[in-house]
Every structure is written in C-alpha cells, then in structure tokens.
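These notes concern the structure reproduced below.
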Amino acid sequence: MDTSFISQSLPLFAKATWLTLVLSFFGVVFSIVVGTFCAIINFYKIPVLRRIVYAYIEVARNTPLIVQLFFLYYALPRLGMVLDGKTCAVVGLTFLGGAYMAEAIRSGLQSVGRTQIETGMSLGFGKIKLMRYIIIPQALAVALPVISATTIFLMKETSVVSIVALHDLLYVAKDLLKEGHALQSNLMLVVCYLILILPVSLGFSYLERRSRFAGFGA
Amino acid sequence: MPESQMVLEIRNLVKSYGERLILNGISLDIHEAEVLVVIGPSGCGKSTLLRCLNGLEPINSGDIYLDGGLITGPDTDWCEIRQKIGMVFQSYELFPHLTVIDNILLGPTKVQKRKRADVIPEANNWLERVGLLDRADAYPRQLSGGQKQRVAIVRALTMQPKVMLFDEVTASLDPEMVREVLDVMLELATQGLTMVIVTHEMGFARAVADKVIFMDKGVIVESAGPEEFFDHPQSERAKRFLNIFEFTGIHRVAAG
Amino acid sequence: MLDSVHNALFAGENFRRLMEGLGLTLWISFLSVVLSIALGIPAGLLMSSKNKFLRGFFRLYLEFIRVMPILVLLFFFYYTLSRYSAINLSPFFVSVMVFTMWGVAEMADLVRAAVTSIPAHQRESGRALGLSELQINFLIILPQAIRRLLPGVINLTTRMIKTTPFVFFINMVDLFKVGQQIVEVSGMRDRMASVWVYGFIFILFFVICYPISLFSRYLENKYQSA
C-alpha cells in the first residue's frame, strides 16, 4: 500500500473524525435531554403535551434522518429559517434521537413498580425527590441497553451529514476517491468509524454489565 | 388504657372505588404504645384502611387525626405526615439500586435532611437488633425474603415514626422465614412502639395484640382484647372466620 | 400556493418519476428483507448452536455490522469492488447485498434471542410426551419462536425502508434522488419547490412506515398479554 497516501490524507481524516465526534456528542446529549423531557411528560400523563409528544415521536421515528436533514437544510430557508450545516446536523440528530431516547427512558420509567413508588411516598419523598433518588436511578439501569443502542445508531447516522455540505469522513473519502485511491480511502473510512464507535460500544457493554451486577435482576 | 395519649383517631372513614364500597364508616382510636391487630377475610378492606392512613388512597369522607391534628384536610402535606407514619409492605420493596445501609439512610438524609454521620449509628443499632448488621453493605438481591423484610422494617423505623403500619408483611415469605420477621415485631411491641398490624398469622396476632379488630365487608364487626376475641368471638362472622384456621383430624377407616 | 405545489409535484413527469423512485425504494427494501429472513434464520440457528468457533465468528460479524454505518458499507463495497474486481457491480446489486448483510446480522440475533428465550422445560415436556427432536422443533419451539420474532422482523422492515435513501450516495435514482432532481429543475423558477418536494417525501415515508410500526407494536402487545 502507498504509505505517502496515508501520511497525506491522515490530517484530513483526523479532522473529519473530530467533526463526526463533535456532532455525535452534541446530538446524543441533546437527544437525551429532549428524550428525558418527553418521557417525563408521558410518565406523568400531562394532558395536551403528551399528545404533542406522541405525534413528535411517531413522526421522528418513522422518517429517515436524511430526509429530515434535507428538509432542514434546503426547504426551511425558503420558509425564512436559515441554519448552517452543523446546526442542521445537530438539530436533525436531536430531532431523530430525542424520539428514540424518549422511548428508551419511558420504558425504563415504566419498569419501576407502582409499590416502589408508594414505598418512596410512604417514606415522605415528594414528587421531585422520588424521581431523583428512587425512580430515575432504577429507570436508567433498565433503559441503558436501549440508550446505548440509540447512541451507536445516532453515531452511525452522522455518516449522512455530507449532504448538508459538511466535510465529514464520507466527504473526505469521496474526495480522495476521485483521485483514484478507492481502496486506501475506503479502508481509512472503515478504520476511522471503528475507532469512533467501537470504544463507545465496548464502554456501554461494560456499563451494562456493571449496572446488572449492582443489585439488579432479582 | 384510657389515660394514655391518642396517636391516631379515625372517624367515619368511607372509601369506595367507583360503585364498590371498600370502607363503610370506620371509626377507630389508636393510643400511644398500643398494638392494634386488624384481621378479616381478604377483600374486607383492611389493607385499604392502612393505605388510607398513609395517604396512598384518597378517601371519600371521614376524618383522620394524627396526634390530635386533622390530616385529611385539603391542604395536608402528606410528605410531612408520612414521615411520622411508617409503613411496611407485603413485597418488602427495598430499592434494588441501593445497598442495605443506603436503603435505610435514603429517607433520613434526603427527606429529613439529617446528617449521614448522625443517622448511621441509629441505623446500625437497629440492624444489630434485627440481626443484620453484617449485611449492611449487601444489595437487596443478595438477601433472603425474611432478611429483606427485616431491612424494610428498619428502613421505616429509622425515620423515627410515631406509629408503624404493617401490611401483611409475612404473606409472601417462605414459612421458615415468617418467624424471624414476627420476632422482630414482637420485640418492637414490647419496646412500646405504636403499631397497626394487618396479618393472617393468628397465633402471632394473639401474642402481639393489645386490641384486635375484626373487619368484614368494609365495617368493623368486632373489637376486643386478644384473649376475649380468640376464645369467645361474639359474632357469627368472626366465629366462621376463625374456624378456617382450625383443622379437625379425619380418621381413615382401616381397610379390611 | 396551490399552483406552486402543483408545479413541484405534478408538472410534467414529476409525479410519475417520484412514484418510480418510491417503487425502487420499496423494491430494494422488500428484496433485502426477504433475503435477510431466508439467510438470517439458518444463521441464527447456527448462532444458538454449541459450536464455539461458529458462535465466535458470528459474534464478530454481528459486532462489526453493529458499529459500521450502512453508508460506509455501501461506499466500501460499491467503490472498492467495482474498481478492483473484474465484474462491474451495479449499484442495485450492491444496495441489496449490503442491506442483506445488515439484515442477516439483525435477523440472526433476533432468531437466537427468540430460540433461547423459550424455556428449556418446553423441550423437556415435549420429550416427556414422547415427541421426536424434529417434532419438538417444528411443533413446539418454532411456533413460539416465530411469535416472538415477528415484531422484530417488522421493525427491521421499517428500518430498511428508512435506510434506503442512502443508495442515493452510490448514484441510484431512488425517491430521494428524484426529489433532488426535481428541485434542481423547478427550483430555478419556484423558490418554494424544495419545501413541497422534500415535504412530500417526508410525508410519504411517514405514511408508509407509521402503519407498519403500529402493526409491529400491536403484535408486541398481543404477544406480551398472551
């Protein structure tokens, strides 16, 4: 293999990997925030809001990210709202991921039994403290596998952001392709994604094993 | 004991689920250091009564007083009241994500804002008395049912309640573990803790009770001292109910 | 506004082309799902087998598919294979191949989970009744496994449909690409064209995927209450 190619393209790939990492980070964090809000609205069955949340979740889960991004980037400006590529990518990821996280967290919250909540109440815990000390810690452990799957799913979905004119890994690979380094650039592409996502996947597996160990599952 | 102070006073308590009347005008006094045992067939409303006393069920009408203060008014702060009324459930309900000691400390430190260091000696003292000091750092899943229930009792006690409610706390335990939990409750009774106990353990009820009430179909049918109730039940319904726990031997006719 | 919508979606060949794009999208998904099921079931049974080497191999494959974006796989196989192999692979072939690679991994894991979720005493009761192993597999294990499998398979179908727009990256003229072409042409005359076209595609995906999701959830609830 041509080593000079690697040394030349390495900075480009490194920069693109960093971009993907940053987009994924904000996308995942905001998704968890949005998802938590939606899940709590569902959990407390807040009227009106829960209808809106339901509609949002269904729309986000049943349309592809790439279509959502195209709409954000190419159609919204015509309606008077201009977002730059990075903002579009993070907004799109959050729109999509928020819905998945909401479902994950909701199933976690629902897994906490009615009598667990009553026990907390009988000890004098108010609504907020009950959430914080008793419901959320248990719900998170149950939701963790789905949260981890969603995180990895979102990181993989960032691979489409070149359509909103971002110079991500795929963009770099495609660019180098034109110069006729198909195998090398494609291998670099695969390696970069492995470096990005494999540690996250392993990290979550470790967390899941630990939270199972810490007193859950009968 | 007419002179001792009244802890709980229940006046004409009515509770229904839709059309179904669960409690139909219950009136009851519980004095300080008194152990009240509530028995009756399943569905008689005894568990609902306890849940009403802890504000877990909204009531339709009637009044409940704790230490002379009305706690069924519109602006009752149940978070405040529940700290004074401890409750132990049939299914133990330890928090699975916390160790034994953290289960016990959660309420006192987060709700009552007491310092962890101040509560630990008290918690350890209770754990020692129920024979579980060595399991303080275990997680609930590592404990047997009887151990879990003893921890649940300690968890409620460490809140320093005025009165404790026990809702069929031995009903889901294996027979050999029932005793260890009942022994803890017997000891608490001799220490002068005010308790309301719903149970199906008749021998235990007789031993621990200062007063027994027998409920059926949402009303108190009989209220008496334990000897009087178990030896000379007055009502037909109580007699029939107590009969369930008696067995008369059958004698097989020898073949041939 | 109605004129603008009409021009964007229905002028000339626009609507026919959009529907053709949609047809391609659905055709790729359909083929991939069918192939995934056909290959995934034996793969899943092998995964739940006792052979350590086989199990390890599938785990590795599964983990690779789990962390690798589909788009990267499409890219890799399309641009590398077509350039370095004698056979010139059509983008259609690569699309179905990559989606199937992904689908097989998912299916195999679903099958493994479904088969291992059936309690051992089911097999034992079958033996106690005097059934042969083959009868046990076909009369007891499989019918229960399929019920557990169905929601996951349907879920996989909607995910395939939602992933098909990726084929546009390897120069296929799917629904998405058609939309882009229309916007490029009509967008010159009508600034709102992109809103209508992308909005329409957005709704189209929703209209297709939402009922399927509902059906999957219905099956899941039915299975849980059973």
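The values are calculated or read from the model by the stated rules, or taken from the named source; none is laboratory data. The structure presented is a predicted model; accordingly, all values stated were derived computationally and were not measured. Cβ coordinates were reconstructed from backbone atoms using ideal geometry, including for glycine residues, and neighbour counts include every protein chain displayed. Heavy atoms of the whole protein, side chains included, go into the accessibility calculation; ligands, DNA and RNA do not. Shrake-Rupley method; radii C 1.70, N 1.55, O 1.52, S 1.80 Å.
Numbers below:
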quantity: GNM flexibility winner over chain A from A:VAL172, A:VAL142, A:VAL48 (Cα, springs under 10 Å); calculated: A:VAL48
quantity: DSSP-loop GluC sites (Glu not before Pro) across the stretch B:4-84, with at most 14 other Cβ within 10 angstrom; calculated: B:GLU19
quantity: Test item: C:161-169 mean partner chain Cβ contacts at 10 Å; calculated: 4
quantity: Cα convex hull of chain B - mean projected area over all directions, nm²; calculated: 17.9
quantity: Qualifying aspartates and glutamates (Cα of each under 17 Å from Cα of A:LYS178; at least 8 residues distant if same chain); calculated: A:ASP2, A:ASP168
quantity: Shielding by partners, peptide B:55-61 (average Cβ within 10 angstrom, other chains); calculated: 1
quantity: Filter on A:LYS15/A:LYS156; C:LYS52/C:LYS162; A:LYS127/B:LYS110 - keep pairs with C-alpha separation over 23 Å; calculated: C:LYS52/C:LYS162
quantity: Burial order of peptide ranges A:11-19, B:42-50 (average beta-carbon count within 10 Å, highest first); calculated: B:42-50, A:11-19
quantity: Cα-centre dipole for the protein assembly as shown with unit charges at Cβ (Lys and Arg positive, Asp and Glu negative), debye to 20; calculated: 2120
quantity: Whole-angstrom Cα spans of the protein assembly as shown along principal axes, big to small; calculated: 99, 75, 51
quantity: For chain B, the longest site-free run once chymotrypsin sites (Phe, Trp or Tyr not before Pro) in DSSP loop states with at most 16 other Cβ atoms within 10 Å are removed; calculated: B:1-244
quantity: Cα-based reach from B:LYS46 at 17 Å (exclusive), listing lysines while leaving out same-chain residues under 8 positions away; calculated: B:LYS15, B:LYS211, B:LYS217
quantity: Mean Cβ count within 10 Å, highest first, over the residues of peptides B:155-165, A:25-35; calculated: B:155-165, A:25-35
quantity: DSSP bridge pairs, the protein assembly as shown: antiparallel proportion in percent, nearest 5; calculated: 55
quantity: Chain pair B, A: total accessible area buried, heavy atoms, 1.4 Å probe, Å²; calculated: 2200
quantity: Carbon/sulfur fraction of accessible area - the stretch B:135-230, other protein chains in place, 1.4 Å, %; calculated: 43
quantity: The stretch C:1-41 versus the stretch A:119-161: alpha-carbon centroid distance in Å; calculated: 37
quantity: Exposure rank, largest accessible area first [B:ILE85, B:ILE220; 1.4 Å]; calculated: B:ILE220, B:ILE85
quantity: Chain C - percent relative contact order, Cα under 8 Å, separation 6 or more; calculated: 32
quantity: Interatomic Cα distance distribution for chain A, bins of 10 angstrom, percent; calculated: 8, 27, 29, 20, 11, 4, 1, 0
quantity: For the stretch C:65-130 and the stretch A:79-98, distance of Cα centres in Å; calculated: 32
quantity: Under 5 Å, built H, 5+ apart or other chain: amide partners of B:GLY25; calculated: B:LEU13, B:VAL14, B:LYS15
quantity: Cβ neighbours within 10 Å from other chains - mean over A:166-177; calculated: 2
